[in-house]
Amino acid sequence: MQPSFRTTAVLFAIAVALTAYAYVFERDRAGEESAGLLFADLTVNDIVEIRIEPGAQAEVRELGIRPRPVLLRYEPDEFGGLSRWRIVEPFPFDALTARVDGILIGILELERIAPVLLDGGVETVLGDDGPAMTVRFRTRGPIEREHVIEVGRDHHDTQARLAYYRVNGQDLFLSRARFKEKNFNVGLRDLRSRAVFPVPKEDAVRLTAERPGRPTLELVRRRGTQRWYIEKPSAGRADMEIVPALLDRLNTWRVEEFVTDALEDPARYGLDRPRMVIELEHRRGRIHRYEIADPPGGEPKGRVFAREPGLPFVYAIGV
């Protein structure tokens, strides 16, 4: 029996529909494979080290010198507190957690919006002198891995707000420019913690103030209580309102400016003869000690210069 024309037409329509469905399915699946998060299998807890490398064209903006590479590492607290991010290079320093979090968010949210196929060399999109910046990060685990994100030029369509990126030297793609502008565009000055005395009053156990020509003042908190006592210059009970208020005030001190990382002449900042040396001890044993000096003439009022004894860093602190 010969198939009718109607049956043939129906079968033909089904075949066309299946072909179209297969095309759309394969196209969408290919799109899914070429787009999406680059590091979808990672969490913030997996990343233990980050290195930010400014490009050759980076602006001279940090203390009058070209920005330096910064190595950050997630380390256990040496005094038994929570692990925290620390600057390891170019010198050891506490990191500003909020800015490190911004880098981590940039890594985890980096998405491949569109792959890039080039007719010319990679420098046409990454930059003639290399990438604008490079972010390297290392993950924990039985097999540690390092990933490299190179950040290139902005896309020529400024309305699109896209930039070029390359991951691990192979995967070249377009993604949002905000990762370049906000998450990865950080340097040493941005990443340094600005807290001077990061010790809540509940965690403080000892406070001393040394002043030239005057007796040293030493206050000690009795273990297991919030009661403070004067140890020096003479023993006695400290005021229960004044001491907590003073500790709160010290906890608010912030670095307004990193003045220099290579102190050569302390007298330039009045630090050859500091007005006071303040030392505050955390209950876990970490000690914060700073020399405080009144700024020479011409400096804004309400600021003092400070440094940790023996270190070449000078800070301007708003008090």
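The values are calculated or read from the model by the stated rules, or taken from the named source; none is laboratory data. Quick caveat: nothing in here was measured; it's all calculated off a predicted structure. Cβ placement follows ideal geometry from the backbone for every residue including glycine, while neighbour counts extend to all protein chains displayed. Heavy atoms of the whole protein, side chains included, go into the accessibility calculation; ligands, DNA and RNA do not. Shrake-Rupley method; radii C 1.70, N 1.55, O 1.52, S 1.80 Å.
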- Show me 301-314, 72-85 ranked by packing, highest mean number of other Cβ atoms within 10 Å first. 301-314, 72-85
- What ranking do 90-97, 262-269 get when scored by the average of other Cβ atoms within 10 Å per residue, highest first? 90-97, 262-269
- What nm value, rounded to one decimal, do you get for the distance between VAL148 and ARG84 when each label is placed 7 Å out toward the C-beta? 3.3 nm
- Message: So with the 1.4 Å probe, I'd like the accessible area per residue for segment 215-319, rounded to whole Å².
- Response: 58 Å²
- Quick shape summary for segment 84-187, equivalent ellipsoid via Cα gyration tensor, semi-axes whole Å in descending order, reads 26, 16, 13
- Sorted by packing (mean other beta-carbon atoms within 10 Å per residue), highest first, where do 45-55, 234-244 land? 45-55, 234-244
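Under a Cβ-only charge scheme (Lys and Arg +1, Asp and Glu -1), can you give me the dipole magnitude of segment 191-314 about the Cα centre, in debye to the nearest 20? If you can, show how the numbers build up before the last one.
Numbers: 24 positive and 20 negative charges, 114 e Å.
In debye, rounded to 20, segment 191-314 gives about 540.
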